[in-house]
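Below is one structure, written out as structure tokens, with a few remarks after it.
Bear in mind these aren't lab numbers, they're just calculated from the coordinates by the rules spelled out. What you see is a predicted model; the values in this text were computed from it and never measured. Cβ placement follows ideal geometry from the backbone for every residue including glycine, while neighbour counts extend to all protein chains displayed.
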Amino acid sequence: MNAVHHISPTSKFKWLLKREYWENRGGFLWAPVIAGGVSLLLSVMGIIAGLWAASRAAKNGDLHINGVNVNGLDLQMLTSQMTPEDMGKWGDGMNFTLLLSAGWPFIVLGFVVFFYCLGALYDDRRDRSVLFWKSMPLSDTQTVLSKLTSALLVAPLLATFAAIGTMILFMVLISIVVLAHGGNPITLIWGPGSPFTIAAGFVCRIPVYALWALPTAGWLMLCSSWAKSKPFLWAVMLPVFAGIIVSWFGMMKLFGLNAGWFWANVVGRLLLGAVPGIDLAYNADKVDGQKLQSMVNGFSPDVLFASLAMPQLWIGAAVGVVFIVIAIWLRQRRDEI
């Protein structure tokens, strides 16, 4: 007799994650990679335009450093005129530029997670593939949790790798430009900048992102499992209309709060939690938006731990868990639209 091999729940869950990746590889992987590529392409165009403008200014005698007329783009000579204070500001500007170069994959991530969660449980009911998956030895809980894990951990991890790769390639690109104009990339690029600190910050922020995005993902998946049509309208218009009604009738005054609190902590948490870094807007007192250095400080351990200590994060996460439980319950009872 042939032995019967039982698949463990862990193995099932791993295969469910692989299934989600295979079916959504375009959004999870290629979208942030392409976004990073577009960022690099625009950087090349910007560098070419900047070099052309600087070269033209030098030839016309319009390029001055500390009152000295410069006739060419000799970066070694130019940087020799910089004071330690100037180098500190240069490093802050470099870090700010690195964050901008790495930002495109994260911008795409927000859209990918939003629309993935919105269609995660609706699409398989619409095409009735849910009937096939329900015939498999898989529970609805495993299926929903695999989709949630894909949205909050797999997609951010891939986007983070794409962002780090984009940032490193950007530094290589500008290092080549610096070398071509007589400069030292170690002194001008890699030394003043903090690429590895920023990269480590990106990775460490993935759990914060997952927790912060949980109420949004839970709400979208609840609407995805409940709506019979147009889940986008239900998911967006219900919180927005609730905010309009609360603002119109001044309901929050009953609790000693204003309508802005409702828009930020209810509407915003339901619809904007998938935006990477949105927690910094709720933690603004820890990050001085007027300083370039604060852009790097937003990825420092103290700000990371401060975000994890925010009551809004854990209250929202608890609400997100409730949404997920309801989504699982609805999926168990709805096979098709």
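Listing for the model above:
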item: Order of V108, V44, V178 - criterion: other Cβ atoms within 10 Å of each residue's Cβ, fewest first; result: V44, V178, V108
item: Peptides 249-256, 34-41, 140-147, 237-244 ordered by average Cβ neighbours within 10 Å, highest first; result: 140-147, 34-41, 237-244, 249-256
item: Local electrostatic count, A210, Cβ distance below 15 Å [Lys/Arg +1, Asp/Glu -1]; result: +2
item: Contour minus Cα-Cα distance for R56 and L238 (0.36 nm per residue); result: 59.9 nm
item: Spin-label proximity, I168 to the stretch 32-52 - amide N less than 20 Å from point 7 Å beyond Cα toward beta carbon; result: 32-41, 43-44
item: Listed residue pairs exceeding 23 Å between alpha carbons, taken from K230/K253; K147/K228; K18/K230; result: K230/K253; K18/K230
item: Nitroxide proxy distance, nm - points 7 Å out along Cα→Cβ at W22 and A180; result: 4.4 nm
item: Chain lengthening between F305 and F249 when straightened (0.36 nm per residue, less Cα-Cα); result: 16.4 nm
